[in-house]
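The values are calculated or read from the model by the stated rules, or taken from the named source; none is laboratory data. Everything numeric in this text was worked out from a predicted model, so none of it was measured. So basically every Cβ, Gly included, is an ideal-geometry build from the backbone, and we count neighbours across all protein chains shown. The protein model used for the area step is the full one, side chains on, heavy atoms only, and it has no ligands, DNA or RNA in it. Shrake-Rupley method; radii C 1.70, N 1.55, O 1.52, S 1.80 Å.
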Amino acid sequence: MARSLEARGRTPAQARLRRRFLKFVPVGAGERVLEVGCGTGVVVRDLAALVGPRGGVVGIDASRRLLDRARALCRETARRTPIALRVADAAGLPFAANRFDAALAITVILHVAEPLRVVREMARVTRPGGRVGVQDQDFGVVAVTHPDRALTEGIMRGVAERVYEEPHSGRRLPGLLRAAGLVDVRLLTDVYQDTTLEPWTKTFLERRAERAVRFGIADVSTAKRWLDGFTEVVAADAFVLTLNYYGAVGTKPA
Ligand SMILES: C[S@@+](CC[C@H](N)C(=O)[O-])C[C@H]1O[C@@H](n2cnc3c(N)ncnc32)[C@H](O)[C@@H]1O
């Protein structure tokens, strides 16, 4: 998991859409920002560069192991910008009300059982006039070239339904923010596009194949045939994978 998050973080098309979202929020110099579900700290490091030495970034995650990795990976950045990382559940944030200028969750809401509870918590710890921002993929909108379309759709949909609490989370984010009482909600739709089978995309498809076997969606030889199908498409210089990302931002009313 830690390796995959860092590989995604390094992938140029992923870094571009993450940074576009942070600009859309926006996050400014001197601000105090919370990232909920920070994982290995990919976004924490981006945020530290934006808030600078007079601001501060707090990251929380439910996984102690991922946070240990985040502490190591953020050590250098923390020399320039205050960074605090702590274990916590997004559904019960260990912070007083109105403490942050912005609270963000990047590719987290699709994993949580009670998204409204999490967004309400994010709103509670944000100051009036501050921003709550959430960005998620939407696994109902994955397009990928493969010779066997039915098999591809079966694997992509079947795995997503079992792995995420809400595979269509992306399209639901603006409504979620409004339901949590946020106002002036804006939406940024962005697309991850890969035409060369980047290392992160390859790992993503391999994990889909492994999980398809584990969940009984495909047997081992079908999963292997499925992965080999991508190799053929890439060899023909015809590979395309796109995945939609939806970023929604709302303001906490005064
Ligand atoms: C896909 S990762 C995203 C990490 C990071 N935001 C990034 O974009 O690189 C989702 C993260 O959310 C965390 N998470 C999931 N449910 C959580 C919860 N209820 N409370 C806190 N963290 C949670 C996971 O441990 C994981 O690190």
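Among the residues of the stretch 155-165, are any touching an Asp or Glu at 6+ places or on another chain (Cβ under 7 Å), modelled with pLDDT of 95 or more and surrounded by fewer than 21 Cβ atoms within 10 Å (Cβ to Cβ)?
Within the stretch 155-165 (the criterion being touching an Asp or Glu at 6+ places or on another chain (Cβ under 7 Å), modelled with pLDDT of 95 or more and surrounded by fewer than 21 Cβ atoms within 10 Å (Cβ to Cβ)), the answer is no, since none of the residues qualifies.
Quick check on Ala105: is it in contact with a strand residue (DSSP E or B) (Cβ under 6 Å, 6 or more places away or on another chain), open to solvent by 30 Å² or more (accessible area, probe 1.4 Å) and under 24 Å from Gln193 (Cβ atoms)?
no
Do we have Arg71 as open to solvent by 10 Å² or more (accessible area, probe 1.4 Å), within 14 Å of the ligand (Cβ to nearest atom) and among the charged types (D, E, K, R) here?
yes
Could you check the stretch 24-35 and list, in sequence order, the residues that are under 14 Å from Gln135 (Cα atoms) and touching a helix residue (DSSP H, G or I) at 6+ places or on another chain (Cβ under 6 Å)?
Result: Glu35, single match.
Thr203 passes all but one of (1) open to solvent by less than 30 Å² (accessible area, probe 1.4 Å); (2) in a helix (DSSP H, G or I); (3) hydroxyl-bearing (Ser, Thr, Tyr); (4) under 16 Å from Gln14 (Cα atoms); which number fails?
It is condition (1) that Thr203 fails.
Could you identify the single residue in Ala209, Ala218 that is surrounded by 14 or more Cβ atoms within 10 Å (Cβ to Cβ), touching a Leu at 6+ places or on another chain (Cβ under 6 Å) and not β-branched (Val, Ile, Thr)?
Answer to the check: Ala209.
Has the stretch 239-246 got at least one residue that is at pLDDT 95 or above and either part of a helix (DSSP H, G or I) or more than 14 Å from Val142 (Cβ to Cβ) (or both)?
The answer is no; no qualifying residue exists.
Filter the stretch 76-90 down to residues that are open to solvent by 20 Å² or more (accessible area, probe 1.4 Å) and within 9 Å of the ligand (Cβ to nearest atom) and give me whichever is nearest to Thr251 (Cα to Cα).
Asp89
Check whether at least one residue in the stretch 184-200 is under 20 Å from the mean Cα position of the chain (by Cα), open to solvent by less than 20 Å² (accessible area, probe 1.4 Å) and under 23 Å from Pro115 (Cβ atoms), and report yes or no.
yes
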